[in-house]
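The values are calculated or read from the model by the stated rules, or taken from the named source; none is laboratory data. Just so it is clear, the model here is predicted, and its values are computed rather than measured. Here the Cβ positions follow ideal geometry from the backbone for every residue, glycine too, while neighbour counts run over all protein chains shown.
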Amino acid sequence: MGDEKKAVIERLKILRDVLHDHAYRYYVLDRPIIADVEYDQLFRELLDLEGKFPDLVTTDSPSQRVGGEPLEKFNGVQHRHPMLSLENAFSEQDLFDFEERLFRFLKDFPELEYVAEPKMDGLAVELVYEKGFLIQGSTRGDGHTGEDITRNLKTIAAIPLRLQGGDLPSLLEVRGEVFMSTDGFKQLNAERAAVGEPLFANPRNAAAGSVRQLDSRLTARRPLDFFAYGISELNQIDDCPTQYELLNRLAVYGFRVNPLVGSCRNMEEVVAHYRHLLELRDSLDYEIDGMVVKVNSLTLQERLGTKARTPRWAIAWKFPASQATTRLLDVEFQVGRTGTVTPVAILEPVAIGGVTVSRATLHNEEEIKRKGVKIGDMVLVQRAGDVIPEIVQPILDLRTGEEKQVGMPVHCPSCGHMLVRENGEVALRCINPHCPAQRLRSLIHYTGKAGMDIEGLGKKVMEQLFNEKLVVDVPDIYALQPETLEKLEGWAKKSAENAVAAINASKSAPLVRFLSALGIRHVGEVTAALLVERFQTMEKLMAASFDDLLAVEGIGPQVAGAIREYFDDISVQKMLALLQEQGVVPEEKEEENAADQPLQGAVLLFTGTLSSFSRDEAKEIVKKMGGQVSSTLSKKVTHLVCGEKPGSKLRKAQALGIAVLDEKAFQQLIS
């Protein structure tokens, strides 16, 4: 290597270090020490040198923020740990109810501390760092699988391409929110208007559209920003006992963390912080739609665990939603796939938050009585994000006396069967298994995106097939032939062949998807995944007792009862048998041999640095051998594996009487 190239390598290293440091001071600390023009000069020098020596360009170079050639499509990314949703609170009482549930679950805890974080109205993403370098970025997607948008996320200046500081974790999966400032949003829309391009409805849509560009050079030109709010697995960072300290550690690593995060000693301080954020809301340069409240102790977060879709230790307290007034013209009653009858308000169309609203949910009879809504009322309607619009209250001062009471149906509006209330439920239900509305909605669910996702069999097509009496039950779908479909209005030979090909392809869909598609009450994709993980095969699941189901983490008595009731139904058993005869054999999870599961029942926690393999490799070995890996120290942990510099976890484990293994003992255990 010549002297010139050696000098260039050294200069490039200096430039990258200096530019990363200045970006950190500017975006994270908000304390720049050089002018923009000086930064630009250093950046141009970096680009010039990398242009002359393209073989010296590194993945963490600040030059990589400018984007690259367009992609054809995004690849899927499987999250190692699900990106869960949050339970919502809409009032102070909801928040105290949340705390009461925490105390009820923990039992022996007299008081709790919390962290209150502004709830950004943006797009949740996950960033994966290996040995301090950003290697992958993805969208939340369905919580389990997202889209690989690494190249786009690298263009956002607030996202570090490499982490700051020493003693970095070998693997760090950071979660946060990509958003667009309100000023940036206005400027972007002004630029689009000037060239005749359609405008974005709001900053959230603009941010989501920007990070999902196939051409990352377009993303690089959008005014995007980022705040980090957590990590996927708590033990990726050692010696961080609280959520608040975790956020501070992320800031040390080079991430922007919202400066309005509050540490609260009790729920009263949480309420005070909410009011403070509500006052600040309109003065901020970005949109927030509420506040996320989290239990501060990470040990307690681990102990509280998760439900099927949400963590028990966090809740989103939403701000008052966008509202408008309009007239309630009528109330219709819809029958869902499980027989629940829901009143739907028919409204004079009104614009709320950029969307025209003509229908809103009234939930159930009890809600109608509580709100005192009448047909003909002027009503206050609210819409929050993608949530179905709802009627808040009637405007009593505008009543004329001609308004009419909402009459609840006695019989099913679809089949005429007598409606009932089961087990003290508020909702009315039609329990006729042959109800046309239930059958249709079950079929739409089965073929839809939340079910088997059969291309060509969308809602309108299923309504057509149902009305033509070609598909009355699920097995009828698999009896369809191209020549039958060709004769229907709107169908051609090619579309009919494609639809039947998609139907046949669905016969071997994963068992999780098949279970979700069946429409068992309370069983969506998350619960289906828990069931498959536990029971492996359809046969074992159908034979599982109520107690077996109840033993699955995340499944309670109501869900277990609904599953058992479903599989005990003779008509369901006949349907499943017929599907099997038609060749519908879902891909089941390969069952592990008990002999290959020597760590079955063991729960291991790692601390310190291992020399023989990375911590991630060690965790994978434990999981493959049937064991579990914990992220925090608790009484559930059976073994603490200590590498170099184990920290305080060693002392705590010894105090709890937990078996402590050094690396050599761990190797013996897994051998």
From 50, 4, residue being more than 19 Å from residue 157 (Cβ to Cβ) and at pLDDT 75 or above: 4
Close pairs (6 angstrom Cβ cut-off, 6 or more residues apart or separate chains): among the hydroxyl-bearing types (Ser, Thr, Tyr) in segment 14-25, outside any helix (DSSP H, G or I) and buried (at least 18 other Cβ atoms within 10 Å of the Cβ) anywhere: 24/254
Which of the residues belonging to segment 550-588 are closer than 18 Å to residue 523 by Cα, among the β-branched types (Val, Ile, Thr) and in a helix (DSSP H, G or I)? 559, 563, 572
Taking segment 518-555 as the search range and keeping residues that are under 20 Å from residue 312 (Cα atoms) and among the charged types (D, E, K, R), which one is modelled with the lowest pLDDT? 553
Residue pairs qualifying under the 6 Å Cβ cut-off, at least six apart or on distinct chains, with the first in segment 619-630 being within 10 Å of residue 604 (Cβ to Cβ) and the second being crowded, with 17+ Cβ neighbours inside 10 Å and of a type in the set (Phe, Trp, Tyr), are none
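One line per residue, one yes/no per condition, for (1) at negative phi; (2) without any contact (Cβ under 8 Å) to a residue 12 or more places away in the chain:
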position	(1), (2)
437	yes, no
442	yes, no
456	no, no
460	yes, yes
463	yes, no
466	yes, no
469	no, yes
Determine if segment 406-426 includes at least one residue that is closer than 20 Å to residue 350 by Cβ and either at pLDDT below 95 or in a loop (DSSP other than H, G, I, E, B) (or both). yes
In the set 178, 174, which member is aliphatic (A, V, I, L, M) and either part of a loop (DSSP other than H, G, I, E, B) or touching a Gly at 6+ places or on another chain (Cβ under 7 Å) (or both)? 178
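A quick yes/no check of all residues on (1) farther than 14 Å from residue 231 by Cα; (2) at pLDDT 90 or above:
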| site | (1), (2) |
| --- | --- |
| 133 | yes, yes |
| 142 | yes, no |
| 148 | yes, yes |
| 151 | yes, yes |
| 160 | yes, yes |
| 172 | no, yes |
| 175 | no, yes |
| 180 | yes, yes |
| 192 | yes, no |
With the condition kept exactly as written, say whether any residue in segment 336-345 is within 30 Å of residue 405 (Cα to Cα) and touching a Cys at 6+ places or on another chain (Cβ under 6 Å). yes
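Among 418, 408, which is surrounded by fewer than 18 Cβ atoms within 10 Å (Cβ to Cβ), on the phi < 0 side of the Ramachandran plot and in contact with a helix residue (DSSP H, G or I) (Cβ under 8 Å, 6 or more places away or on another chain)? Lay out the reasoning, then the answer.
Working: 418 fails: in contact with a helix residue (DSSP H, G or I) (Cβ under 8 Å, 6 or more places away or on another chain).
Only one candidate qualifies: 408.
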Going through 175, 192 one at a time, which residue ends up being among the basic types (Lys, Arg) and either touching a residue at least 12 places away in the same chain (Cβ under 8 Å) or not assigned by TED's automatic domain parsing to the domain that holds residue 248 (or both)? 175
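Quick check on segment 323-338: of everything there that is of a type in the set (S, T, N, Q) and over 26 Å from residue 565 (Cα atoms), which residue is surrounded by the most Cβ atoms within 10 Å (Cβ to Cβ)?
Among those that are of a type in the set (S, T, N, Q) and over 26 Å from residue 565 (Cα atoms), it is 326.
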